[in-house]
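S.K.: Pasting in a structure now, in structure tokens, and then I'll have a few things to ask.
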Amino acid sequence: MIKDKLCHCHQHKWTPTLHSHERRAQFNGQSRTRKPKLPEKWKQVGTLKEIYVYPIKSCGPVLLNKVECSTLGPKDGWLRDRVLMVVDENYNFITARAHPELLLVYPQVKSSVLSLKHVDMEPLHVNLAEVIELQTPKTAKVWGTTVPVYDCGYEPSEWFSRLLNSSANNFRLVYYASQKSRDLRPLQNSFYKFTKNDTGALPDEVPFNLINEASVIELNSRLKDCQVTVRNFRPNFVLSGAEPYAEDNWKYIKIGENVFEIIKPCTRCVLTTIDPETGVRNSKAEPLETLKSYRQVTDPEERRATGNSPRMGLQMALRSPAGHLNLIFAVRFISTSRISNCQTLVKKKTLQAKFQVDDGKPVWLKGGLYDRFLYTTTVTLCCIGLLMNFIFFFNQAKPSSWKNPVC
């Protein structure tokens, strides 16, 4: 297990404190250039258990013990996160949402050589340094945004075309051709506070993604016919030791000396329903359907930005200078007046999850012995009250001759 300590600034990120017109004014004037003041006090919430880097968008991960954090995302030498992608003949990106077989492509990077493996294919080797030297940048599109790329050539094109059962060589492997973050996705900042450095190379939204292991375990307790792992959610960082869904209330996270601002919750799509080990879709669209039942965004304004996609995990951007994550960083703590309030909120969310479990018990008895005592006491007092009311009205209804009998 990686022993870096995870700390967070326990401020509520998504509870709106500005009206919509104030948010828009803030976006128009500040979102692209703002430099947020970083917290100085931290509280440990867990440890970093796993680090994943995905060299090719929608393909398999590389598991690492250490990594360098940059504005473009995690990297280790030539191994960088989501700097390659597969495109169609028009240079529009494709993903495992439509081509699940991509999840079973496992990349490795040694020096500048990218190696690809798949159980049904021969290994493929691509020298990325040669690609950069020999190719002229072209343009491709990711979610409607134009990005500069190098075409990796005929052999990767033929390899991916055969893998995806295409008779023509109409799929290409391309390599991101810039050291700067790509342009913002159209309408990306309608609610959340992205800056021009928050998009990374080729990820959907941001260069860093974190998942709380305890939240995945709690989700599994709700699933009836299947189980999922953290890999269903394709995170860069896996947090261990925190309470389930505690991450909902964080604004900043610090791992070692690296400070990340949480830009938005990670809203989930059908990719979570594809088994990362087999590439097979879940016939009941799980865990997405279960997540929709209890992990929807509740704020009306934010809901307009996210739609019906449930939240699971965090989308983050680097706010400190580039640094490394390894095994030797010190523990940092938070000491702020808002901690107790946020901890209370986390406890309430955990209790809420307990009361939502379908175990056959009525909701007023789910609290255990204390709830049974309160319920029994309440019913008893109600019965006594009804009896006393009956006696009172019976006495009031007696004829006066009953009340004053004549001897």
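S.K.: Out of the residues in the stretch 241-297 that are under 16 Å from the mean Cα position of the chain (by Cα) and of a type in the set (Gly, Ala, Ser), state the one that is farthest from Gly307 (Cα to Cα).
M.R.: Only one residue fits best here, namely Ala242.
S.K.: Which members of the stretch 33-88 meet the condition of being at pLDDT below 90 and within 30 Å of Leu164 (Cα to Cα)?
M.R.: none
S.K.: I'd like to check something: does the stretch 157-164 contain any residue that is under 29 Å from Leu288 (Cα atoms), at pLDDT 95 or above and out of contact with any Phe, Trp or Tyr (no Cβ under 9 Å at 6 or more places or on another chain)?
M.R.: no
S.K.: Scan the stretch 241-260 residue by residue and report those that are under 14 Å from Trp42 (Cβ atoms) and not aliphatic (A, V, I, L, M).
M.R.: The answer is Trp250, Lys251, Tyr252, Lys254, Gly256, Glu257, Asn258, Phe260.
S.K.: Being at pLDDT 95 or above and surrounded by fewer than 19 Cβ atoms within 10 Å (Cβ to Cβ) is the requirement here; does Ala285 meet it? Walk me through how you get there before you give the answer.
M.R.: Details: at pLDDT 95 or above: yes; surrounded by fewer than 19 Cβ atoms within 10 Å (Cβ to Cβ): yes.
Answer is yes for this residue.
S.K.: Determine if the stretch 160-175 includes at least one residue that is within 26 Å of the chain's Cα centre (by Cα) and either surrounded by 14 or more Cβ atoms within 10 Å (Cβ to Cβ) or over 23 Å from Ile274 (Cβ atoms) (or both). Explain how you work it out, then say what you get.
M.R.: In the first step, residues of the stretch 160-175 are kept if they are within 26 Å of the chain's Cα centre (by Cα); the result is 175.
From what is left, the residues that are either surrounded by 14 or more Cβ atoms within 10 Å (Cβ to Cβ) or over 23 Å from Ile274 (Cβ atoms) (or both) are 175.
Yes, there is a match, as at least one residue in the stretch 160-175 is within 26 Å of the chain's Cα centre (by Cα) and either surrounded by 14 or more Cβ atoms within 10 Å (Cβ to Cβ) or over 23 Å from Ile274 (Cβ atoms) (or both).
S.K.: Continuing with the same structure: Give me the pairs, please: first residue somewhere in the stretch 119-145 and assigned by TED's automatic domain parsing to the domain that holds Pro55, second residue anywhere and assigned to a strand (DSSP E or B) and among the basic types (Lys, Arg), beta-carbon distance under 7 Å, and either six or more positions apart or on two chains.
M.R.: From the stretch 119-145, the pairs are Pro123/Lys117.
S.K.: For the stretch 48-73, which residues satisfy the criterion of being under 19 Å from the mean Cα position of the chain (by Cα), closer than 18 Å to Ser240 by Cβ and part of a strand (DSSP E or B)?
M.R.: Leu48, Lys49, Glu50, Ile51, Tyr52, Leu63 - these are the residues of the stretch 48-73 that are under 19 Å from the mean Cα position of the chain (by Cα), closer than 18 Å to Ser240 by Cβ and part of a strand (DSSP E or B).
The values are calculated or read from the model by the stated rules, or taken from the named source; none is laboratory data. On a predicted model such as this, the values are computed, not experimentally measured, just so you know. Note that each Cβ is placed from the backbone with ideal geometry, even for glycine, and that neighbours are counted across all protein chains shown.
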